[in-house]
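Enquirer: Please see the structure below; I have some questions.
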Amino acid sequence: MELPFAESWKIKMIEPIHKSTRPEREQWLLKAQYNLFKLKAEEVYIDLLTDSGTGAMSDRQWAGMMLGDESYAGASSFYKMKEMITQITGFEYVLPTHQGRAAENVLFSCLVKEGDVCPGNSHFDTTKGHIESRKAIALDCTIDEAKNTQLEIPFKGNVDIKKLEDALKKYKERVLFIIITITNNTAGGQPVSMENLRETRMLANKYAKKVIFDSARFAENAYFIKTREKGYKDKTIKEICDEMFSYADAMTMSAKKDAIVNMGGFFATNLKEWYDAAKVKCIVYEGYITYGGMNGRDMNALAIGLDENTEFDNLDSRIKQVEYLGKKLDEYGIPYQRPAGGHAIFVDALKVLTHIPKEQFPAQTLAVELYLEAGIRACEIGYLLADRDPVTRKNRFDGLDLLRLAIPRRVYTDNHINVIAAALKNIYDRRESITKGMKITWEAELLRHFTVEMERAE
Ligand code: F0G
């Protein structure tokens, strides 16, 4: 008999988690104004809000923490981190920042000005926020197929090359760079193919534009290239990363994802002029250039995490678990963005709560139900997160309305996954009885989903 698949690690340390009763959850939810970000973590049983900073570090990473060099300037921890980044990406200049959005802030402070256009595949919300708050346009040129959740294609995160070229022709000098998010989080943790990265690079060369990778989940992207794209089966993840980054001029990184640290990020490039401009911003916003926003110990853990998570077995353990959740949902007939993403399953709320109007935020309604059902906290990636159009101030109801079940790295077992799937099945079976969606009572101008206050719609 062939031996079944199992994780490439075992557990050395555990953290207790607690169940609660439905009346308790009802009360906590009311207090949180139906915004799951406002719950206390102890009020949550299984936390799928994000895979960011929530991973379990390895024994090697923890050992690295003890050896952190906390020198203000020139710490050995910085050089260890920089060398690992250079080895994996080929970028020589590295600026540490406290997380991904800080790297965006440091870089975009130098590059983005009013009236600019920043095309790419789907921008993550902080990236969009950093562009739009500078009165520039974040132009989503993702392939249209990404909007059809039931279509199963291998690289649903791709840039639509034709849309991109039209944008480059139309906006000319208003475009300085193209930004590609790997994997494409907003479209469902969907990967971008090597071919698409290469074509984007060629187009950028043709129009003399630069290319930036938003690289939060680049290792997961490399895994999908290895397992799905012709010609890459026999290459190592590190070899694939090397080719991927050869198509970029710079990267921003939220190390809280694929470097499996609880906090940290960086900007890296080979463009000396970008580095020189960004290092000044790094000092102002983050810290001196050899620590930016990070402790020495965290830079050590980051270096080791990057090394470990660009190895196939580690990625295979993780992505197979996400796929397992997808298969359970298939069994129950629950529709989600197909195929399963790298870091999460995105349930298609519009196909589950078909009778809840868009104006009542179906995905957020589903998030509330899942919490009430089993104390599971997931995240709306839909009409709340999409914010209002900066010009018309209208809600943006044209995209997908998804409920993201983000799976933290190396944290939950398949038994937890079974609980998540069963809770969703219960909701799916009684979906017609969910008659009231959500109504906003207060919202911020930008990135509203973090702080929004809501009540039940009438
Ligand atoms: N880019 C992508 C693709 C992201 O997914 C995130 C964060 C960021 C940039 C910003 O990085 O949080 O370190 O400042 N995504 C998290 C999520 C928050 O839940 O998807 P950060």
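The values are calculated or read from the model by the stated rules, or taken from the named source; none is laboratory data. Please read these numbers as outputs of a predicted model, since none were measured by experiment. All Cβ positions, glycine included, derive from the backbone under ideal geometry; neighbour counts span all protein chains shown. Ligands, DNA and RNA are excluded from the accessible area calculation, which covers all protein heavy atoms including side chains. Shrake-Rupley method; radii C 1.70, N 1.55, O 1.52, S 1.80 Å.
Enquirer: Could you tell me the calculated FRET efficiency between N262 and E453, based on Cβ-Cβ distance and R0 = 35 angstrom, to the nearest 0.05?
Expert: Working: r = 28 Å, r/R0 = 0.81.
Step by step, r from the Cβ atoms, then E = 0.80.
Enquirer: Which whole-number value in Å² is the accessible area per residue of the chain, probe 1.4 Å? Write out the running numbers ahead of the final one.
Expert: Values: 19190 Å² over 458 residues.
Here the per-residue accessible area is 42 Å².
Enquirer: Mind giving me the nanometre distance, one decimal, between the label points for L67 and E239, set 7 Å out from Cα along Cα→Cβ?
Expert: Rounded to a tenth, the inter-label distance reads 2.9 nm.
Enquirer: Given C-alpha coordinates of the stretch 86-125, what is the ratio Rg to Rh with the Kirkwood estimate of Rh?
Expert: Rounded to two decimals, Rg over Rh is 1.02.
Enquirer: From largest accessible area down, sort Y93, Y247, Y79; use a 1.4 Å probe on the protein chains.
Expert: The residues order as Y79, Y93, Y247, largest area first.
Enquirer: Counting only protein chains, not ligands or nucleic acids, how are I427, I11 ordered by accessible area (probe 1.4 Å), most first?
Expert: I11, I427
Enquirer: Can I ask one more? Treating only the Cα positions of the chain as identical point scatterers, give the base-10 log of I(q)/I(0) from the Debye formula at each q in 0.08, 0.12, 0.14 Å⁻¹.
Expert: For the chain, the Cα-only Debye profile gives -0.44, -1.05, -1.44.
Enquirer: Dipole size in debye (nearest 20) for the stretch 59-308 around its Cα centre, Lys and Arg Cβ +1, Asp and Glu Cβ -1?
Expert: 520 debye
Enquirer: Here's something else I'd like to know. Anything over 32 Å Cα to Cα? Flag those among K147/K257; K38/K170; K147/K170, in the order listed.
Expert: K38/K170
Enquirer: Considering the Cα trace of the stretch 59-308, what is its radius of gyration and what is Dmax, both in angstroms?
Expert: Rg then Dmax for the stretch 59-308, in Å: 17.4, 53.
Enquirer: Between the stretch 92-119 and the stretch 278-318, how far is it from one alpha carbon centroid to the other, in angstrom?
Expert: 16 Å
Enquirer: If you keep only loop residues by DSSP, which trypsin sites (Lys or Arg not before Pro) in the stretch 274-362 have at most 10 other Cβ atoms within 10 Å of their Cβ?
Expert: Here no trypsin sites (Lys or Arg not before Pro) fit, given the DSSP loop and packing criteria.
Enquirer: Same structure, new question: What does the helix-only formula give at 222 nm for the chain: each DSSP H stretch with n ≥ 4 adding -39500 (n - 2.57), the total divided by the residues, and the result rounded to the nearest 500 deg cm²/dmol?
Expert: Per the formula, -12000 deg cm²/dmol.
Enquirer: Could you look at the stretch 59-308 and say what percent of its accessible area is carbon and sulfur, using a 1.4 Å probe and all protein chains? Walk me through the intermediate numbers first.
Expert: Numbers: 5030 of 9470 Å².
The C+S portion of the solvent-accessible surface of the stretch 59-308 is 53 percent.
Enquirer: P(r) of the stretch 1-149 in 5 Å steps, Cα pairs, percent per bin?
Expert: The percentages, shortest bin first, are 2, 6, 9, 11, 12, 14, 15, 15, 10, 5, 1, 0, 0.
Enquirer: Moving on to the next point. In the chain, what % of DSSP beta bridges are antiparallel (nearest 5)?
Expert: 65 percent
Enquirer: Treat each spin label as a single point 7 Å out from the Cα along the C-beta direction, and report the E165 to E83 distance in nm.
Expert: 4.5 nm
Enquirer: State, to one decimal in nm, how far the label point of K394 lies from the label point of N418, with both points 7 Å from Cα in the Cβ direction.
Expert: 4.9 nm
Enquirer: Report the Cα centroid-to-centroid distance between the stretch 143-171 and the stretch 402-434 in angstrom, as an integer.
Expert: Here the answer is 29 Å between Cα centres.
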